[in-house]
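Scroll down for the structure; my scribbles are underneath it.
The values are calculated or read from the model by the stated rules, or taken from the named source; none is laboratory data. Everything numeric in this text was worked out from a predicted model, so none of it was measured. Heads up, the Cβs are rebuilt from the backbone with ideal geometry, glycines too, and the neighbour counts pull from every protein chain shown. For accessibility, only protein heavy atoms count, side chains too; no ligands or nucleic acids. Shrake-Rupley method; radii C 1.70, N 1.55, O 1.52, S 1.80 Å.
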Amino acid sequence: MLKRLFSLGAATMAAMVSGCGDGPATVAGTWRSPAAWSSMIYATSQGPMLIEVHGDPFGQNAADFRAQLAQAMTNQIMGRATAFTADPALAPQPRYRVVLAFNAPDNADVRHLCEGRVATAATPSEKLTVLGAFCDGGTLLASVRGWVVKVDGPGDRRFRQLIAQVVRDLFGNPS
């Protein structure tokens, strides 16, 4: 009886773990500025926060992709209504921005995103990766890495989940 119970438990665990193999998954950066939360509050207090997007994981119109990303990021911070835009003219505080690099090299330094030095892969692959930074000008306030496998496009539910996780990991909570 005990042997059957262990077998059932092992099978259940294997099924649960195998479902995680395609992501989405994110890992917050190892350092976050104590000013990250208050900077986000300030940057979004009078309108949307600017996003910069590097890389084209789906090979579609860049303006459409940026608009879909901004929409997917909007209102993903728990307890705080927030909006995002890819149009610098619509961001009241454009020095505060989220920079996203899709399919950046594994050894990419996230600090370079805030400085405008970004490298991305030219060809899409099955595994989509994202490197994200919350920046105050050229200064890094917070960072995140994430990935997902087998997504069809920016409207894919799992891609939108990845983007929501990226936003929550970048800004965390006020504590």
Task: Point-to-point label distance, Ala89-Arg158, nm (Cα→Cβ direction, 7 Å offset) - done: 3.9
Task: For Pro57, net neighbour charge (Lys/Arg +1, Asp/Glu -1) across residues whose Cβ lies under 12 Å away - done: -3
Task: Within the accessible area of the stretch 16-175 (1.4 Å probe), percent carbon and sulfur - done: 52
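Please identify the trypsin sites (Lys or Arg not before Pro) of the stretch 96-175 that satisfy two criteria: DSSP loop assignment and at most 14 other Cβ atoms within 10 Å. Which are they?
Loop-located and lightly packed - Arg117, Lys150.
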Open item on the list: Could you give each residue of the stretch 47-63 its phi-based ³J(HN,Hα) in whole Hz, using Karplus coefficients 6.51, -1.76, 1.60 with θ = phi - 60°, and x for Gly or Pro?
Closed with: x, x, 8, 6, 10, 10, 10, 10, x, 9, x, 10, x, 10, 4, 4, 5
TODO: Could you list the chymotrypsin sites (Phe, Trp or Tyr not before Pro) in the stretch 109-175 that lie in coil according to DSSP, counting only those with at most 15 other Cβ atoms within 10 Å of their Cβ?
DONE: none
Task: Value at 222 nm in deg cm²/dmol, rounded to 500, when DSSP H runs of n ≥ 4 in the chain each add -39,500 (n - 2.57) - done: -10000 deg cm²/dmol
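Arg97: net charge of surrounding residues, Cβ under 13 Å, Lys/Arg +1, Asp/Glu -1, itself excluded?
Details: positive: Arg66, Arg95; negative: Glu52, Asp87, Glu115, Asp136.
Value of the local net charge: -2.
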Task: Residue-count net charge about Gly137 - beta-carbon cut-off 15 Å; Lys, Arg +1, Asp, Glu -1 - done: +1
Task: Folded to 0 to 90 degrees: helix 2-18 orientation relative to the chain principal axis, Cα - done: 30
TODO: Taking only protein heavy atoms into account and a 1.4 Å probe, give the accessible area per residue of the chain in Å².
DONE: 54
